[in-house]
1. Here is a list of conditions, (1) farther than 27 Å from Pro91 by Cβ; (2) open to solvent by less than 60 Å² (accessible area, probe 1.4 Å); (3) under 18 Å from the mean Cα position of the chain (by Cα), and Gln158 meets all of them except one; can you say which number that is?
2. Step by step: first the residues of the range 258-280, then only those that are open to solvent by 10 Å² or more (accessible area, probe 1.4 Å) and assigned to a loop (DSSP other than H, G, I, E, B), then the one that is farthest from the ligand (Cβ to nearest atom). Which residue is that?
3. What are the pairs with Cβ atoms under 8 angstrom where one residue, in the range 104-116, is assigned by TED's automatic domain parsing to the domain that holds Ala27 and touching a residue at least 40 places away in the same chain (Cβ under 8 Å) and the other, located anywhere, is open to solvent by 20 Å² or more (accessible area, probe 1.4 Å) and of a type in the set (S, T, N, Q)? Sequence gap at least six, or different chains.
4. Taking the criterion of being within 16 Å of the ligand (Cβ to nearest atom) and open to solvent by 50 Å² or more (accessible area, probe 1.4 Å), would at least one residue in the range 40-48 satisfy it?
5. When Gly318 is evaluated against the numbered criteria (1) of a type in the set (Gly, Ala, Ser); (2) more than 22 Å from Gly25 (Cα to Cα); (3) modelled with pLDDT of 85 or more, which criterion, by number, is the only one it fails?
6. Among the residues of the range 16-31, are any free of Cβ contacts under 8 Å to residues at least 24 places away in the same chain and at positive phi?
7. So, of the residues in the range 25-37 that are in contact with a Leu (Cβ under 9 Å, 6 or more places away or on another chain) and open to solvent by 10 Å² or more (accessible area, probe 1.4 Å), which turns out to be farthest from the ligand (Cβ to nearest atom)?
8. Just need a number here: residues in the range 70-114 that are open to solvent by 10 Å² or more (accessible area, probe 1.4 Å), more than 16 Å from the ligand (Cβ to nearest atom) and closer than 28 Å to Lys176 by Cα.
Amino acid sequence: MPGPIFSIDVPATSANLGPGFDCFGLALQLYNKFLFQVINDEPGKLVFRSNLHLKQNPRTNLVYKAYCFTLKCIGYPTIPGLDVSVISDIPSARGLGSSATAVVAGVLAAGAVSKTNLRLSEAIEIATEIEGHPDNVAPAILGGMTVSIQDKNGVYSQKLDWPEELTVLVGIPDTKVRTQSARRVLPKTVSFEDAVFNLGRSSLLISSLLTKDWRGLNIAMQDKLHQNARASLIPGFNRIITKVLECGAIGCVLSGSGPCILSVVDNSNPLAVEMSSNTIVSIWKNAKIDSEVKQLKVQKSTTKVKKLSPEEFQKFVGPHWTEKILIT
Ligand code: HSE
């Protein structure tokens with residue numbers, strides 16, 4: 001018997017923002033839409049549809065994994081059956097937090113289905129336990145720019161407003177880099193100098209955003225902890241960073257673990273927006289990689305679960321569903 005229907009639009013996120021490895025994150029107005037319908041009387045059942053070819057195994061289906069894990073965390077006695085439909089606009093394995101959207105959707109769905117008033121901090125805590133680091137899941141839940149750290153006592157996450165004056169450009173290449181591979185290339189230890197380098201820059205980045213003084217932003221977004229090691233996975237990476245800054249962008253970094261590249265441009269400089277975008281596409285084209293650049297607004301509000309009527313739900317169901325997977 002079909003039960004209530006919910007929808008959750010979870011935003012893309014760009015983690016690290018240069019020096020804030022596993023700590024900073026920014027929510028962007030590009031979404032994965034998750035539709036959930038409770039299947040009453042069939043505990044444990046999962047019906048999964050998507051406009052993408054996603055993993056079919058329930059043990060590796062992140063939405064289902066997060067849903068079951070959250071129900072367990074909140075002490076809910078059963079796993080109500082779930083019909084999940086995903087309309088994905090966020091390309092996967094590009095450093096835009098697509099796996100975090102699945103985790104966040106599963107966590108929030110569990111809160112809604114169990115009628116548990118999950119606090120945002122609890123949702124972040126649970127989602128971080130699944131994802132392993134808080135920098136994508138925190139902005140995916142809170143919106144805005146977030147600063148998050150994970151401690152043995154829990155996750156501490158704070159939200160800042162992203163300045164209206166700053167535009168975000170995301171260069172999206174037609175190649176994928178899995179986060180696990182991009183974490184494997186990281187150094188096991190870093191020098192004291194490099195630690196100090198990132199500490200100062202991440203502090204300057206936060207104070208630049210709070211005081212709206214962007215004069216040192218290109219310096220504040222530099223990093224010595226992860227980008228150098230990852231540059232080898234992304235053709236043209238160093239050249240793009242250098243050239244985009246020469247075009248007038250005021251910051252240019254790897255988005256999450258890549259391969260997307262995020263640039264920050266002052267709104268009052270439309271020429272820099274155009275030149276930076278063309279530069280990214282042309283450098284990747286020379287490396288025989290197709291790409292596109294999206295100018296994205298920051299998602300300011302928190303991610304909400306909305307109740308849908310069956311009629312509203314029907315509007316989304318259509319021929320674009322490429323798979324219908326049944327897991328019982
Ligand atoms: N902080 C993580 C990393 C983000 O850089 O590996 C993954 O999206």
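1. (2)
2. Taking the candidates together, the pick is Ser268.
3. Cβ pairs passing all conditions: Ala110/Thr116; Gly111/Asn117.
4. Step one: list which residues in the range 40-48 are within 16 Å of the ligand (Cβ to nearest atom), which gives none.
Checked against the condition, which is being within 16 Å of the ligand (Cβ to nearest atom) and open to solvent by 50 Å² or more (accessible area, probe 1.4 Å), the range 40-48 yields no hits at all.
5. (3)
6. Of all residues in the range 16-31, those free of Cβ contacts under 8 Å to residues at least 24 places away in the same chain come to none.
The answer is no, given that none of the residues of the range 16-31 is free of Cβ contacts under 8 Å to residues at least 24 places away in the same chain and at positive phi.
7. Gln37
8. Adding up the residues that qualify gives 4.
The values are calculated or read from the model by the stated rules, or taken from the named source; none is laboratory data. Fair warning: this is a prediction, and the values are worked out from it, not measured in the lab. When we count neighbours, we look across all protein chains shown, and the Cβ atoms used for this are built from the backbone with ideal geometry, even at glycine. With ligands, DNA and RNA removed, areas are computed over all heavy atoms of the protein, side chains included. Shrake-Rupley method; radii C 1.70, N 1.55, O 1.52, S 1.80 Å.
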